[in-house]
Amino acid sequence: MTMTKYLLRTALLLCVLFVSLTACKKEDPRWSEADKKSKEAIEAKKQAQESGALPKPEEGGSFNKFFPKNEPGFEMIASQEKTGFAEYKLKKDGKDLAMIAISDVANNPQAADKFKSSTKMIGGFPAVDQGSTATAVLVGGRFQVKVLSRDASFSKANREAWLQKVNLAGLAAMK
Amino acid sequence: MSQSIFELINELPTSGVTVMSLKALDYIVPGEWQNISGFENMITLVTGESDQAMIQQIGERAITLYNDPAEGYQRAVWLYQTANSIGGKLGAAALANKIGESVSFLSFLEKITPKADKAQAIDFSIKVAAEIIAYAKINGIPGDGVAEFMGAVGDYGKESIMRLAALTCFDGLIPLGPDFLRKIEEFISGLVPNDLTSNPAFSAVSSMIPGGGAEGQLGFVQQGFNSIKGWMGNFVSSKGITAEGVVGSLKNYIDIADDKLDYVAGFLDATTNYFDYTGVQTVGRRLIERAVAEI
């Protein structure tokens, strides 16, 4: 009986050790490199913001007033609000149609690069399409406004139309 | 920092008691929770994006956001993990307590374990407090004013609504019975600050609970429970959820030998980590939603 218990405990312990060792060693080559680089990038961004080389991002709450909130038949649900970022969910009849986000590129400066090759304007600002679900404009060189489809029925034309419902001019005048 | 977000999501098991127990609750919140395996899959599922270059950018931005301690996502994961492990520990204590009540030679366990219902009420209320704090860490306080904020909270869906369904069933209804909300309320309202500070479950998460001291923190825990009880009572009645119904559904997925609800609850508590599991999924989803908007 005692021997059985001892063996059982040893077996359990070995199992636990095995599981924890394999868990620690799991590497995913697609993301491991990005993971390492991100830590340096976070530090570099922090220093750049402290030295003034990079502007400090605006409060996410300061973007709320620019979202289109009174469109009949549609619901806008506040979704996230972090430093330099605010996002709303666009719903109709209880269904998620799209996400609409305003982000301060001070949080992620390379986000502005893609607008350099922009070939169209929306609401007077450079615009780009990204992947198959996103359309974005860069306002005042500083704020990215993006509409992301979350339903197959919400087309690129819908994204462009909703980008223009955002108070882009108001956002450009901020600061 | 221990693990990156892609590791946490990649390592979510796709089978086992936690997954089975969540599947068993699908009939309550149909289609909301999905057994997502792998970081890439989650990116595709959340964004609907299949462009590999775009997926790479989204993933890298999500990893960076998670790795920045100032963003609060790591703290949210820590809260979900810690509140979950507390549940496990208390669960073991509660099970031991039940054995102590029915088996005389183990009756000494009575002296070192809390009453099962008391342990359960603490476990429940601390998970509620952890949920509220984690919500704010992940999402901030979105919206202009109270009405918009309430709209944001009311939009709980996917793995978040599943987590609340599991909290309702596995930590409320099954262990404490149909009047679980009244039982928890009675217990929680009778607490004094010392009850909390001497409680190991509370101690584990107390550094994250606002209130500036034990009295204020007790107030936070009580208010947290009060803020969720109306919603939860309505959730149970509007969906007609019963302990028997949940256990019946569980039996389709897990071999539960005993019908005694206390034992089922103790078993689930000791063998599942639904709070941590769905918590990691929630953080992953929100990170991905933000990442795709910021790149």
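Each value in this text was obtained by applying a stated rule to the coordinates, not by laboratory testing. As the structure is a prediction and not an experimental result, all values here were calculated from the model. Cβ atoms come from the backbone with ideal geometry, glycine included; neighbour counts cover every protein chain shown.
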Nearest 10 degrees, 0 to 90: helix B:214-239 Cα axis against chain B principal axis: 80
Peptide A:97-105, shielding by other chains (average Cβ, 10 Å cutoff): 2
Partners for A:Lys120 among aspartates and glutamates (Cα-Cα distance below 15 Å; same-chain residues under 8 apart left out): A:Asp129, A:Glu160
Separation between Cα centres of the stretch B:15-43 and the stretch B:189-221, rounded to whole Å: 32
Relative contact order of the stretch A:60-172, pairs being alpha-carbon contacts under 8 Å that are 6 or more residues apart, as %: 23
Expected 222 nm ellipticity per residue - DSSP helices of 4 or more, -39500 (n - 2.57), all of the protein assembly as shown, to 500: -18000 deg cm²/dmol
For the stretch A:70-110: relative contact order, % (alpha-carbon pairs under 8 angstrom, 6 or more apart): 32
Degrees, to the nearest 10: B:180-189 long Cα axis against longest axis of chain B: 80
For chain B: relative contact order, % (alpha-carbon pairs under 8 angstrom, 6 or more apart): 34
Percent breakdown of C-alpha pair distances by 10 Å bin, ordered from the shortest bin, for the stretch A:47-174: 13, 45, 33, 8, 1
Degrees, to the nearest 10: B:52-67 long Cα axis against longest axis of chain B: 50
Reachable aspartates and glutamates, given that their alpha-carbon falls under 16 Å from the alpha-carbon of A:Lys165 and they are not under 8 places away in the same chain: A:Glu71, A:Glu75, A:Glu87
Of A:Lys82/B:Lys137; A:Lys65/A:Lys89; A:Lys69/A:Lys91; A:Lys92/A:Lys156; A:Lys95/B:Lys229, pairs whose Cα-Cα distance is over 19 Å: A:Lys95/B:Lys229
Convex hull per residue volume in Å³, alpha carbons only, for chain B: 138
Leading residue at positive end of dipole, the stretch A:24-70 (Cβ point charges), from A:Ser51, A:Ala34, A:Pro68: A:Pro68
Residues B:Thr44, B:Thr14, B:Thr168, sorted so that the one with the fewest Cβ neighbours within 10 Å comes first: B:Thr14, B:Thr44, B:Thr168
